[in-house]
1. Among R23, R87, R35, what's the order by accessible area (1.4 angstrom probe), most exposed first?
2. Which value, in debye to the nearest 20, describes the size of the charge dipole of the chain about its Cα centre when Lys and Arg Cβ atoms bear +1, Asp and Glu Cβ atoms bear -1, and nothing else is charged?
3. So what does F63 come to for accessible area, using a 1.4 Å probe and Å² rounded to 10?
4. If each residue of separation counts as 0.36 nm, what is the full-extension length gain between A114 and A19 once their alpha-carbon separation is subtracted?
5. Rounded to the nearest 5, what % of DSSP beta bridges with both residues in the chain are antiparallel?
6. Can you list the HN-Hα couplings for region 77-83, worked out from phi with the Karplus curve (6.51, -1.76, 1.60; θ = phi - 60°), rounded to whole Hz and with x for Gly and Pro?
7. Taking all pairs of distinct Cα atoms, average 1/r, flip it, and tell me the Kirkwood hydrodynamic radius of the chain in Å to one decimal place.
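The values are calculated or read from the model by the stated rules, or taken from the named source; none is laboratory data. All values derive from a computational prediction rather than experimental measurement. Note that each Cβ is placed from the backbone with ideal geometry, even for glycine, and that neighbours are counted across all protein chains shown. The area values use the complete protein model at the heavy-atom level, side chains included, leaving out ligands, DNA and RNA. Shrake-Rupley method; radii C 1.70, N 1.55, O 1.52, S 1.80 Å.
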Amino acid sequence: LGFVANPGPLLGWGLDVDAEVARGATWISITAAGRNSDRVGFGDDVAASAGLVARDADGLPVFVGDAIADPLTGLAAAALALTAPGRLHDVCMTGVVAATLDGSPGGPATGPVAPPRARPVPGPAPLPGADTAAVMAELGIPWHC
């Protein structure tokens, strides 16, 4: 089971999505707008672009939920992997969110909309690539920095 949008990095590691699928692998590709799109997105902007918005007292759009597109898409991807194995699945986050909506316009937000707030950082993040060698070794793929 693999997860990737852009095949370039995988080819550099010797992984060919089409060849893996031809051998029977189930491959899940999760993107903002589909494998043929260059659009990049994350949960909140993908959900809003799909139409999942409410309106504040001034009629301005506000996010609904907190990164709800991510878990919805993950559930859809898991269902595809379980019910239709051995295929390449192009899972578009915008499409998944849009499919959950009934087409009615976003209504007013109930109650006040809280302003964003900073959250404390629990500690330093590892440097980029710090765990790559260990992950590649676990996958049995030779890795040389």
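1. Numbers: R23 170, R87 125, R35 70 Å².
Ranked from most to least accessible, the order is R23, R87, R35.
2. 60 debye
3. 120 Å²
4. Gain on extension, A114 to A19, equals 29.3 nm.
5. Among the beta bridges of the chain, antiparallel pairing accounts for roughly 25 percent.
6. 5, 4, 4, 4, 4, 7, 9
7. One over the average 1/r among Cα pairs gives 18.0 Å for the chain.
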